[in-house]
Amino acid sequence: MQHNPIYRAAAGCARACAALAVCALAFAGAAWAQSGEPIKIGFSMALTGGLAPNGKSALLAQKIWEEDINGKGGLLGRPVKLIYYDDKSSPAEVPSIYTKLLDIDKVDLIIGPYATAMIAPAMPIVIQRKKTFIGLLGLAVNSEFNYPNYFVMIPSGPDAKPAFTKGFFDIALAQDPKPQTVAIVAADQEFSRNAADGARENAQKAKLKIVYDKTYPPSTTDFAPIVRAIQATNPDILNINSYPPDSVGMVRAINEIGFKPKMIGGGMVGLQATAIKTQLGPLLNGFTNYDFWLPVPKMQFPGVADLISRYQARAGAEGVDPLGYYMAPWGYAQLQVLQQAVEGTKGLDDAKLGDYIRANTFKTVVGDVKFGAKGEWAESRVLQVQFQHVKGNDVGQFKDISTQVVVSPAQYESGKVIYPYENAK
């Protein structure tokens, strides 16, 4: 019977039909994987207001990550969709945004917004909903909450507050003669107060006499009276902890008044933004301030040059920071950490993601990332960068790293500090 040609033809037809059915099912499965429900990742971002230059820069890098991951087939075989809202650089906007993301948009995962002042008001919602939460650049946010599934990309390390300005003080104390006095000034906001707390700790350890230690309202626009009050105390070094609009105001007032302590800077947000650098130009010469990444030879981690190249090619059309050195690597790396945790746990369970992030080291465009106590980096890697030889207001000179010299820590150094400050003017 098996030799019957009619039987053989029928059997062959059955096998062919079965194969076609398997192919059809496989094709349907692949199509479903490509067009299935997206994994939704929600967050707020500063797209207007004082923090917008940095927020918009981070967002472009996050969009590039979204395109990259979807180009490779998505996560868990599903496309990824970023869902974000403008927090207007206002802490008051944040709670309602994260509530909407979770209750209305039904996002699968959330990540943190850009800045300390915006990350902190999201925390009560994150904790209540038991979500894993990776912030972008928030300083010591978890020192009060102690939430185990909070993580942050800022490389300030486990002792975050003093680590932020440690390099600034270390450089000053290495000079001969050593400075004896310090002034500390800060905006009355979460980040700045945290940075000032750390600066105070560093000053006390160094046995520096603190001759001025005050905060100013975030709404301050005239910084000349503050600078004159500081100048009257005649400090050897001045530590400033400020947000972008005040950083600009401080730099202008210091130059207009002609105040020349031996060293200035430390914790000024905004001086990393290309628009602010080009606006201030030579007024920046001599300021020594924190940064997190620059394209110096010792920081060319795998993938970062390609990201910066693609970012810069799109920056003009997107109307964002043309260079992207400050925010782009961190926005991209933030999502790389989340991606690797999802792939490592093969799911979206927040508790499992938190456990995985705590236990593993992540390969990112900002180098290896390992988290330690309170979700901070296991080791600090805050740079101190001095502006040197800035001429005019040409944006191109800030692409050339010779105007922004990494002076600390030693393993990433690209040049030497000019001290005292007035010698760099």
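The values are calculated or read from the model by the stated rules, or taken from the named source; none is laboratory data. Small disclaimer: the values here were computed from a predicted structure and weren't measured. We place every Cβ from the backbone using ideal geometry, glycine too, and count neighbours over all the protein chains shown.
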Given the options 375, 415, name the one that is surrounded by 14 or more Cβ atoms within 10 Å (Cβ to Cβ) and within 22 Å of residue 119 (Cβ to Cβ). 375
Going by the conditions given, is residue 281 out of contact with any Pro (no Cβ under 6 Å at 6 or more places or on another chain), touching a residue at least 40 places away in the same chain (Cβ under 8 Å) and not charged (D, E, K, R)? yes
Filter the range 256-266 down to residues that are under 29 Å from the mean Cα position of the chain (by Cα) and either polar (S, T, N, Q) or over 13 Å from residue 418 (Cα atoms) (or both) and give me whichever is surrounded by the most Cβ atoms within 10 Å (Cβ to Cβ). 266
Consider residue 216 carefully, then state whether it is at pLDDT 95 or above, closer than 11 Å to residue 184 by Cα and assigned by TED's automatic domain parsing to the domain that holds residue 180. no
Kindly establish whether residue 332 is touching a helix residue (DSSP H, G or I) at 6+ places or on another chain (Cβ under 6 Å), modelled with pLDDT of 95 or more, over 21 Å from residue 401 (Cβ atoms) and surrounded by 16 or more Cβ atoms within 10 Å (Cβ to Cβ). no
Among residues of the range 279-298, those that are at pLDDT below 95 and under 14 Å from residue 407 (Cβ atoms), counted: 2
Can you give me the ranges of the strands (runs of 3 or more DSSP E) entirely in the range 74-189 with at least 1 residues that are hydroxyl-bearing (Ser, Thr, Tyr) and under 20 Å from the mean Cα position of the chain (by Cα)? 80-86, 150-152
Complete set of residues in the range 199-237 that are small (Gly, Ala, Ser), part of a helix (DSSP H, G or I) and without any contact (Cβ under 8 Å) to a residue 60 or more places away in the chain: 203, 224, 229
Which members of the range 71-93 meet the condition of being of a type outside the set (Ser, Thr, Tyr) and out of contact with any strand residue (DSSP E or B) (no Cβ under 6 Å at 6 or more places or on another chain)? 71, 72, 73, 76, 77, 79, 86, 88, 91, 92, 93
Which numbered condition residue 327 fails, given (1) surrounded by 22 or more Cβ atoms within 10 Å (Cβ to Cβ); (2) assigned by TED's automatic domain parsing to the domain that holds residue 225: (2)
